[in-house]
Amino acid sequence: MLLRFMDGRNGQNRAKSMMHAIWILQRGLEIVGLVHHAIGNVRHRIKLTDIFKALKACERNSDRLNNIHLMIITLNTVAMIYLIQSIDWTALELLELSCCLIPTYASLLIVLQFCSLCSRFSSRLIKVADDIRMRGVIDHLKHANLVELADDTIRIYGVQLLINCATTFCTIVSSAYSCYTWGVIEKAPKPPFARIAILLLFIALRFISIFFLTRASERIRADADRFNLELFSIMREKKELCDNDIMSIYVSVRPSITVTACKFFVIGHPLLTSINAAASTYLVILIQFSSSS
């Protein structure tokens, strides 16, 4: 049995089985995420209405970010369409490609919508913090309300953020292993460059979504802490504010915003390297299984 386990062909079969499991897991997670997001929008429609009303005044501030998102999606879509039409697909391959494309773009749009909301929250938080120095207005109630609404937004989008991180890992592993299979195992005389380019576009889409997500998460946390730092600084300058119990308690509590994926882990810049490291490790395991002795 040990010899059969070490056999190269048996290893290739195990690697293929693991790839099929990853594909099924990824499609299942994407479907669960989209269904959960749709149901969540219905369940939390009142809370979402309050959030959009509170951020309505910041629509212009997020126009630049929305334009960047639109440009990236458009360029990626045009490249994807060009590559798809250059290949002769079978009906089964087209069906499989559709099962990958539709959930991927839907998940990307949801993540970009969350990033846009974070950008609007950041604009409001910056304004509240700047009012302390520029206008001498300490509106801690508005800051607390923004923090509460941001926490509600993170809870509503939490499952989708978690699933997006998991499917990013699956996409990197499955796409990279498929490229390795075509180039090394099958030893194709003419590598399918168009198909490889499509897989690289899938990876790029996932990395783009994670990059924007981590960037928005770090920014909203920094902008929420900015009010606390400004309040602490001005309280050191004006001793009468130190006698205000409400201000003293507020600066001690330091309400902040931390974006998490259902509280499993914090979403920030280290997430990029963590996903990349985990995917690289799993990819090496697959390659070792599929390598012939």
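The values are calculated or read from the model by the stated rules, or taken from the named source; none is laboratory data. Nothing here was measured: the structure is a model prediction, and the numbers come from that model. Virtual Cβ from ideal backbone geometry, glycine too; neighbours counted across all protein chains shown.
Yes or no, residue by residue, for (1) hydrophobic (A, V, I, L, M, F, W, C); (2) without any contact (Cβ under 8 Å) to a residue 60 or more places away in the chain:
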site	(1), (2)
107	no, no
114	yes, no
121	yes, no
139	no, yes
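Can you tell me which residues in the stretch 28-52 are farther than 13 Å from residue 160 by Cβ and either in contact (Cβ under 8 Å) with a residue 24 or more places away in the chain or of a type in the set (Lys, Arg) (or both)? Outline the logic, then answer.
If we filter the stretch 28-52 for residues that are farther than 13 Å from residue 160 by Cβ, which is where we start, we get 28, 42-43, 45-52.
Listed by number, the residues that qualify are 43, 45, 47, 48, 50, 51.
Regarding residue 214, is this residue among the hydroxyl-bearing types (Ser, Thr, Tyr), buried (at least 16 other Cβ atoms within 10 Å of the Cβ) and free of Cβ contacts under 8 Å to residues at least 60 places away in the same chain?
Yes; evaluated as a whole, the condition is true for this residue.
Please list, ordered by first then second residue, the pairs with beta carbon atoms under 7 Å, 6 or more apart or interchain, first in the stretch 262-273 and touching a residue at least 60 places away in the same chain (Cβ under 8 Å), second among the polar types (S, T, N, Q) and crowded, with 16+ Cβ neighbours inside 10 Å.
From residues that are touching a residue at least 60 places away in the same chain (Cβ under 8 Å), the pairs are 267/214; 267/217; 267/260; 271/214; 272/214.
Among the candidates 94, 117, 161, single out the residue that is farther than 21 Å from residue 53 by Cα, assigned to a helix (DSSP H, G or I) and within 17 Å of the chain's Cα centre (by Cα).
Exactly one of 94, 117, 161 is farther than 21 Å from residue 53 by Cα, assigned to a helix (DSSP H, G or I) and within 17 Å of the chain's Cα centre (by Cα), namely 161.
Quick grid of which residues meet (1) at pLDDT below 80; (2) under 13 Å from residue 165 (Cα atoms):
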| position | (1), (2) |
| --- | --- |
| 215 | no, no |
| 220 | no, no |
| 246 | yes, no |
| 256 | no, no |
| 271 | no, yes |
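Would you confirm, using the coordinates I've provided, whether residue 267 is within 30 Å of residue 130 (Cα to Cα), at pLDDT 90 or above, out of contact with any Asp or Glu (no Cβ under 9 Å at 6 or more places or on another chain) and buried (at least 19 other Cβ atoms within 10 Å of the Cβ)? It would help to see each step written out before you state the result.
On the way: within 30 Å of residue 130 (Cα to Cα): yes; at pLDDT 90 or above: yes; out of contact with any Asp or Glu (no Cβ under 9 Å at 6 or more places or on another chain): no; buried (at least 19 other Cβ atoms within 10 Å of the Cβ): yes.
So residue 267 fails the test.
If residue 248 meets every condition in (1) touching a Gly at 6+ places or on another chain (Cβ under 7 Å); (2) surrounded by fewer than 16 Cβ atoms within 10 Å (Cβ to Cβ); (3) free of Cβ contacts under 8 Å to residues at least 60 places away in the same chain apart from one, which number is that one?
(1)
What are the residues in the stretch 32-44 that are more than 17 Å from residue 169 (Cβ to Cβ) and within 17 Å of the chain's Cα centre (by Cα), if any?
The initial filter retains those residues of the stretch 32-44 that are more than 17 Å from residue 169 (Cβ to Cβ), namely 34-44.
The answer is 34, 36, 37.
Report yes if residue 109 is under 24 Å from residue 24 (Cβ atoms), out of contact with any Leu (no Cβ under 7 Å at 6 or more places or on another chain), at pLDDT 75 or above and exposed (fewer than 14 other Cβ atoms within 10 Å of the Cβ), otherwise no.
Criteria met by residue 109.
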